[in-house]
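Here is the structure we will look at, set down as structure tokens.
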Amino acid sequence: MFDLSSLTVMSQQNLFYLLPEGILTLGLLVVLCLTIFNPKKTSEENYALMQVSLITVLLALSALAWTFLRVPVITPQKAAYSSITIDMFGYLMRMLILLGAGVTIAISHRFLEKNTRIVSDFYVLIMGASLGGMLLASSNDLIMVFVALETLSITSYILAGYFRRTIKSAEASLKYLIYGGMGTAVFLFGLSLVYGLAGSTNFQDIGIALVHYHGVVHPTLIVIMLMIVAALGFKLSAAPFHMWAPDVYEGAPTPVSAFLSVVSKTAAFAITIRMLLILFSGFAEWAVIWGILAVLSMIIGNFVALKQHNAKRLLAYSTVAHAGYMLLGLVVGTSVSVSSLLFYLVTYLFMNLGAFAAVIAFSTLTQTDEITAFSGLVQKRPWLTFGFSICLLSLTGIPITAGFFAKFFLFQSVALAGPVYIWLVIIALLNSTISMAYYLNIIRLMVVKEPSAEVEAISDSAPTSSALSTALSFCVFATLLLGIFASPFYQFTTLSVQQLAQQRPMVISQAIFQKK
Amino acid sequence: MTELIQNIWLIPIYPLIAFAIIVLGRWSKILPQKSGAALVVGSTFLGLVHTLLFLSAWGPHYEPISVSAPWLHAGSLTLSMGYYIDAAGMLMLLIVTSVSLLIQIYTHGYMYHDPGYSRFYAYLALFNFSMLSLVLSSNLFQMYVFWEMVGVSSYLLIGFWFTRPSAAAAATKAFLMNRIGDFGLLTGILVLLYFTWNWWPGPVLSFTDMSGAAQVALHAAGPVGFTIMALLIFMGPVAKSAQIPLHTWLPDAMEGPTPISALIHAATMVAAGVFLIARMYPVFTISPVAMTVIAWVGGITAFVAATIAITQVDIKKALAYSTMSQLGYMVMAMGIGAYAAGLFHLMTHAFFKAMLFLCSGSVIHGCHDEQDMRKMGGLWKHMPITAATYLVGTIAITGVLPFSGFWSKDEIIGASISQPLLFAIGVVTAGLTAFYMFRTYFMTFHGEYRGHSHPHESPKVMWIPLVALAIPSALIGFALSGQLGLPSFEHFVHYGVSLVENGPNFAVMGLSMSFAIGGYVLAWLMYGSPKLISPERLKTTFSPLYELLWNKWYFDNAYFWIAKNVYLPFAALSAWFDRTIIDGIVGLTASTVNASGGALRTLQNGRVQSYLMIFFGAILTLAIVLMWIV
């Protein structure tokens, strides 16, 4: 194989498509070298490194767009010895991951400067985790899945403990590591059983091999499903595998919580959808499992969020609840519902990152993220209040924000799938009503109440990071834009799902997608 | 000339542009302080010229013109906007543009020193836009939209001096009373729409197809349902034209600046109710019950308001009750089928009542914001022009030959001859009108001055409009009576085949004029120079009657009583129900959710060992569930 010129290998293996990942790796190495060889950096140098990282991510995004436009993906392409699939779904997910990474880098700089001396390592880790997420989103092979997932996970463990001198951060990291290690073990066990049944690690081969088991209750398959569900449920922070999330989100530095709740979750959803639709599309048992997970996540996420006093913890439970809503799309599994789920994922990225950005901005100003401390913020920082309120309204699902249309499309697709699913929609609607209580409470505090002591203490001259405010504005703008012009984005998600459907083993193509 | 006809929709646009310029110009501080008058007067003048040019290009048959364009699609319903102009619409256009023009000129003098000068002109322009659009509306729905907009302008102008509690209260009262009427009107429109949903050949609810729609609705709803619908629609005019029982807002509306009382609450907006009846005539005429109700509401209002006017001491309130009474005449005319006579009176009344109000404004201005007639008197010497024009207006309203009120009012009374009771009301009210109008005249302008300030004649900018209005007040009735060889009013404005005998009836005229002269003589005896009869003695002699009239037939007291003893207790009951039952259920749900949230939270104990227990426990439970289901 090496007697061929490396260029031929590249073109044969479609490595051209992996240009964004390449750029990201290169940028990561550059920042890493600059960090290692110059450990004691001035604040200017840190700022420059942040800019380099941000430019790397933006370049990767441009490369993503360029490859997408240069060679249109009419049918899904394989790359790197079939371990990678290039399709529109993958493009969408990689774009989301890169956007999430970019926003995370932008919102974290001032926060890190204020809390630790080692700043630039953070960007290396974020880029590394994003690289893992991107590969995970387009992997087509069990080995690739595992390697990418571990790239994402291990960097995440380090990120959670980034403030190593803070006990809470270290505790979060350790808990995450133990819980995650257990999840990985279970996942690997499940994957090995798949290999045992199918005799291959390639998705297409496995899909064809598993066709024999359609309609048969095979104990091994049930074990496989449960193990994969448990591991992915952990990554998605879906109840009852969510226990790590509140502790980790609270303990980890806030930008890390933002990253975990959005980027890591997007990558996890990407692989979940891909595996489900390509490998296991012929098995009805999934619906039951996901249904249980969805209902539990919604109920636990929303009910417990009601009782939280800390904004980060509240957002942690709210991400559990949102995972529950999104899982509804998997329960039904029609092409409409999965594309609604993707649309939800897109809007969730912006509104949740926006909310975290607002919390970061607030805690940089006041050194606290207790909910009561937000009282009367409008009098001191009206634009921050406005942006945060838009994100919260969108998370609640109030019209003209994107969150409304995301919920609307998703719940509608579930309700239209059949009478048995109406109950799920009713539960989801009741839960969104409950969520109103804690989201709107924050807006009420910020707007109606008299300023708290912390807010009073904000001096008018306190600087706001331009990177952070740009990122927050971007998220708010995207949230409103997706709310007003939902349909072009929705069409893109529909196309993505259509391409996913093409990759299933042909025999069963009528099984799920013909349901509706 | 065809451009003029096609572009008649521009007439309301001129004041809208003036409004926008004032609002933006004053907001950005570009526009000088006192430029409102030029802009608004200019826009109205343009409108008047456009109207006159249109009129000259319109003939010779004066065919109604209707143009519509789709505006709003809602399901299978398409609402349109457009313009419809016929003789009645033309009449209203002429009245609104000409009276507005003069009043806006007058306003410059009256409001010159008011800090809200520009705001006042902006509101005037807004009102003009709404009123002209209402007049030109091509369908009932569009008319309703502008009906509400004139209501808003009226609300803003009544409460113009909003820092005065009485002005704010009066604005609120006008708003509430009109809401009641508009509720009926809107319900009526919706009922009409319901019965004719799929019928409309042209634009929905257009006036051109209204008679066909009325037949369809009558067929679909049956006579009882149809009458209810017609009466619901009539509720709109009842409130807008201050008819009993929704009349109490109009006297209070006198809290607004006097030019507003002249323009909105005498000449134009309150007449919109009569105009709506005219536009919906195809609906009303085929329901005899509705027509009877309309006639009686009008007649009773005319009489009751006239009796209240007798006791008023505030010059503007006296004129307000007089307006109510005259509107009653118009509504009565509509109810008995005297379509042309009603609109004829609308026109003459617009001129002389606008003038009377402007005179009262001139008096108030001259007496340094004094409105109480007991503190006036002898003003003839100080302000002769105002006094002379007021006298012209008084003679016109009392219906003395050959002034305009004579022709229009007596045409209404003549038309009612087939209904003896209404006829009697009409004649008696004519006598009362003469009495109370001359009473105000004598109290204000004759005798000795009883106030303490130094009254003076108003500036030129104020008295020129008075003189200009005096001419039509005196002459227009005679000119259009059909007696001079000119074509009569009815030649232009009529509704299909006349329902009642029209035209001057000299026997009736003699009777009503003798009543009017009787009223005049009585007023002269009581308030004129010799004071042969003491009003104070009469007051004590007829004490119960006087009390009744002084308290305005206790309408306000009754409404307050109902509000206090029926409405508020009911509201309190509802509030209690909402607080205890509804909020109780909500609160119970919330506390249940909260409690379960608290319970679930205890699982999150922070120990990773127990998290892992739950992790594997969950896998096991799911496995059991799956085995059990599958």
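Where a number appears in this text, it was derived from the coordinates with a stated rule and is not lab data. Computed from a prediction, not measured in an experiment: that's the story for all the values here. Every residue, glycine among them, receives a Cβ derived from its backbone with ideal geometry; neighbour counts consider all protein chains shown.
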Quiz item: Based on the Cα gyration tensor of the protein assembly as shown, what are the three equivalent ellipsoid semi-axes, each the root of five times an eigenvalue, rounded to whole Å and given largest first?
Solution: 80, 32, 28
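Quick check on segment A:72-194: take the gyration tensor over C-alpha atoms, sort the square-rooted eigenvalues as a ≥ b ≥ c, and tell me if it's rounded (a/c under 1.5), prolate or oblate. Provide the component values of the computation, followed by the final result.
Details: a/c = 3.48, a/b = 1.44, b/c = 2.41.
In terms of gyration-tensor shape, oblate.
Taking the highest mean first, how do the peptides A:263-273, A:456-466 order by number of other beta carbon atoms within 10 angstrom per residue? Could you put the intermediate results ahead of the total?
Working: A:263-273: 25.2, A:456-466: 11.6.
So the order, starting with the most tightly packed, is A:263-273, A:456-466.
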Quiz item: What are the radius of gyration and Dmax of segment B:414-478, computed over its Cα atoms and given in Å?
Solution: 17.9, 53
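When you look at the Cβ of every residue in A:235-244, what mean number of other chain Cβ atoms sits within 10 Å? Mind showing how you got there, number by number?
Numbers: counts 0, 0, 0, 0, 3, 9, 5, 4, 13, 4.
Shielding by partners across A:235-244 averages 4.
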Quiz item: Taking Cα centroids, how far is segment B:140-185 from segment A:208-277 in Å?
Solution: 61
Quiz item: Going toward the positive end of the dipole of chain B, with +1 on Lys and Arg Cβ and -1 on Asp and Glu Cβ, which of B:Phe442, B:Ser512, B:His456 do you reach last?
Solution: B:His456
Practice problem: Please express the shape of segment A:112-165 as an equivalent ellipsoid: the semi-axes are the square roots of 5 times the eigenvalues of the C-alpha gyration tensor, given largest first in whole angstrom. | Solution: 27, 10, 6
Practice problem: Straight distance only, please: which lysines reach the Cα of B:Lys317 with their own Cα at less than 29 Å, same-chain residues fewer than 8 apart left out? | Solution: B:Lys173, B:Lys240, B:Lys353, B:Lys375, B:Lys381, B:Lys409, B:Lys460, B:Lys531, B:Lys539, B:Lys552, B:Lys564
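Mind checking the full-extension length gain between A:Ala437 and A:Gln51? Use 0.36 nm per residue of separation minus the Cα-Cα distance, one decimal, nm.
Details: separation 386, 0.36 × 386 = 138.96 nm, distance 3.91 nm.
Gain on stretching A:Ala437 to A:Gln51: 135.0 nm.
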Quiz prompt | Estimated inter-spin distance, A:Glu456 and B:Leu53, nm [label 7 Å along Cα→Cβ] | solution = 6.8
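What is the diffusion coefficient of segment A:246-386 in µm²/s, taking the Kirkwood radius over Cα pairs and the Stokes-Einstein relation at 4 °C with a viscosity of 1.567 mPa s? Could the numbers behind the result be given before it?
Values: Rh = 16.2 Å.
Approximately 80 µm²/s, per Stokes-Einstein.
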Self-check item: Set of aspartates and glutamates near A:Lys78 by C-alpha distance (under 14 Å), chain-local residues within fewer than 8 positions excluded
Solution: A:Asp87, A:Asp141, A:Asp205
Self-check item: Highest average packing first - A:155-168, A:82-95, Cβ atoms within 10 Å
Solution: A:82-95, A:155-168
Practice problem: Provide the gained length on full extension for the span B:His494 to B:Ile464, in nm with one decimal, where the gain is 0.36 nm per separating residue minus the Cα-Cα distance. | Solution: 7.5 nm
Exercise. Might you report the magnitude of the Cβ-based charge dipole of chain B about its Cα centre, with Lys and Arg at +1 and Asp and Glu at -1, to the nearest 20 debye?
Key: 1340
Self-check item: Alpha-carbon centroids, segment B:360-415 and segment A:436-450: separation in whole Å
Solution: 61
Quiz item: Taking H as built 1.01 Å from N, whose amide H comes closer than 5 Å to the amide H of B:Val400, not counting residues under 5 places away?
Solution: B:Phe406
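Can you pull the mean other chain C-beta count within 10 Å for peptide A:298-310? Mind dumping the intermediate values first?
Numbers: counts 0, 4, 6, 1, 2, 10, 9, 2, 8, 9, 2, 0, 0.
Partner Cβ neighbours, averaged per residue: 4.
Given the convex hull over the Cα atoms of segment A:428-492, what projected area results after averaging over all orientations, in nm²? Provide the component values of the computation, followed by the final result.
Details: hull surface 29.2 nm².
If I average the Cα hull's projected area over directions, I get 7.3 nm².
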Quiz item: Taking the Cα atoms of segment A:17-501 alone, what are Rg (to one decimal) and Dmax (as a whole number) in Å?
Solution: 21.4, 69
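Among rounded, prolate and oblate, which fits segment B:1-108 when a ≥ b ≥ c are the square roots of the eigenvalues of its C-alpha gyration tensor, a/c under 1.5 means rounded, and a/b larger than b/c means prolate? Intermediate results must be reported in sequence, preceding the final value.
Values: a/c = 2.66, a/b = 1.35, b/c = 1.97.
Oblate, because a/c is 1.5 or more while a/b does not exceed b/c.
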Quiz item: Which aspartates and glutamates have a Cα less than 20 Å from the Cα of A:Lys114, not counting those fewer than 8 places away in the same chain?
Solution: A:Glu44, A:Glu45, A:Glu250, A:Asp369, A:Glu370, A:Glu454, A:Asp460
Quiz item: In segment B:281-322, what is the volume of the convex hull around the alpha carbon atoms, normalised per residue and reported in Å³?
Solution: 53
Quiz prompt | Amide H contacts under 5 Å for B:Met81, placed H, 5+ residues apart | solution = B:Ala69, B:Trp71
Exercise. Determine the dipole magnitude for chain A: charges of +1 sit on the beta-carbon of Lys and Arg, -1 on that of Asp and Glu, nothing else is charged, the reference point is the Cα centre, and the result goes in debye to the nearest 20.
Key: 420
Practice problem: Return the calculated 222 nm mean residue ellipticity for the protein assembly as shown, to the nearest 500 deg cm²/dmol, obtained by summing -39500 (n - 2.57) across DSSP H runs with n ≥ 4 and dividing by the residue count. | Solution: -24000 deg cm²/dmol
Practice problem: With no solvent and one equal point scatterer placed on each C-alpha of chain B, evaluate the Debye formula and give log10 I(q)/I(0) for q = 0.11, 0.12 Å⁻¹, two decimals. | Solution: -1.06, -1.26
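Short version: what are the Cα gyration tensor semi-axes of segment B:193-254, square root of 5 times each eigenvalue, largest first, in whole Å? Mind showing how you got there, number by number?
Details: eigenvalues 179, 40, 10 Å².
Values for segment B:193-254, descending: 30, 14, 7 Å.
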Quiz item: Once the Cα atoms of helix B:210-240 and of chain B are each reduced to a long axis, what angle between those two axes, in degrees from 0 to 90 to the nearest 10, is obtained?
Solution: 70
Quiz item: Check A:Ile86: other-chain or 5+ apart residues with amide H under 5 Å from its amide H, H built from backbone geometry?
Solution: A:Gln77, A:Lys78, A:Ala79
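Roughly how big is the protein assembly as shown's charge dipole about its Cα centre, with Cβ charges of +1 (Lys, Arg) and -1 (Asp, Glu), in debye to the nearest 20? Working shown, then result.
On the way: 53 positive and 44 negative charges, 307 e Å.
With only Lys, Arg, Asp and Glu charged at Cβ, the dipole is about 1480 debye.
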Quiz item: Seen from all sides and averaged, what is the projected area of the convex hull of the Cα atoms in segment A:208-261, in nm²?
Solution: 5.1
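To the nearest whole number, what is the average tally of beta carbon atoms from other chains within 10 Å of the beta carbons of peptide A:223-230?
Values: counts 3, 0, 3, 6, 2, 0, 3, 5.
The per-residue average across the peptide is 3.
Among rounded, prolate and oblate, which fits segment B:296-376 when a ≥ b ≥ c are the square roots of the eigenvalues of its C-alpha gyration tensor, a/c under 1.5 means rounded, and a/b larger than b/c means prolate?
Values: a/c = 5.40, a/b = 1.87, b/c = 2.89.
Oblate shape, in that a/c is at least 1.5 and b/c is the bigger or equal ratio.
If you average 1/r over all unlike Cα pairs in segment B:92-170 and invert the result, what Kirkwood radius do you get in angstrom?
Details: mean 1/r = 0.0739 Å⁻¹.
It works out to 13.5 Å.
Assuming a viscosity of 0.692 mPa s and a temperature of 37 °C, what translational diffusion coefficient in µm² per second does Stokes-Einstein assign to segment A:399-516, Rh being the Kirkwood radius over Cα pairs?
Calculated translational D: 177 µm²/s.
What order do you get for B:466-473, B:373-380, B:26-33 when each peptide is scored by the mean count of other beta carbon atoms within 10 Å, highest first? Display every interim value, and only then the final one.
Working: B:466-473: 21.6, B:373-380: 19.0, B:26-33: 11.5.
Ranking, from highest mean packing down: B:466-473, B:373-380, B:26-33.
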Quiz item: Can you tell which of A:Gly22, A:Leu32, A:Gln498 lies farthest toward the positive end of the dipole of chain A, using +1 and -1 charges on the Cβ of basic and acidic side chains (Lys, Arg; Asp, Glu)?
Solution: A:Gln498
Practice problem: Compare the Cα positions of A:Ser389, A:Gly128, A:Trp66 along the charge dipole of chain A (+1 at Cβ of Lys, Arg; -1 at Cβ of Asp, Glu; about the Cα centre) and return the one farthest towards the positive end. | Solution: A:Ser389
Quiz item: Using a basic spin-label model with each label point 7 Å from the Cα along Cα→Cβ, how many nm lie between B:Ser574 and A:Leu26?
Solution: 7.1
Practice problem: Could you work out, for segment A:136-289, what percent of all Cα-Cα pairs fall into each 10 Å distance bin, beginning at 0 Å and stopping at the bin that holds the largest distance? | Solution: 11, 41, 30, 14, 4, 0
Quiz item: Helix B:506-527 versus the longest principal axis of chain B: what is the Cα-based angle in degrees, 0 to 90, to the nearest 10?
Solution: 90
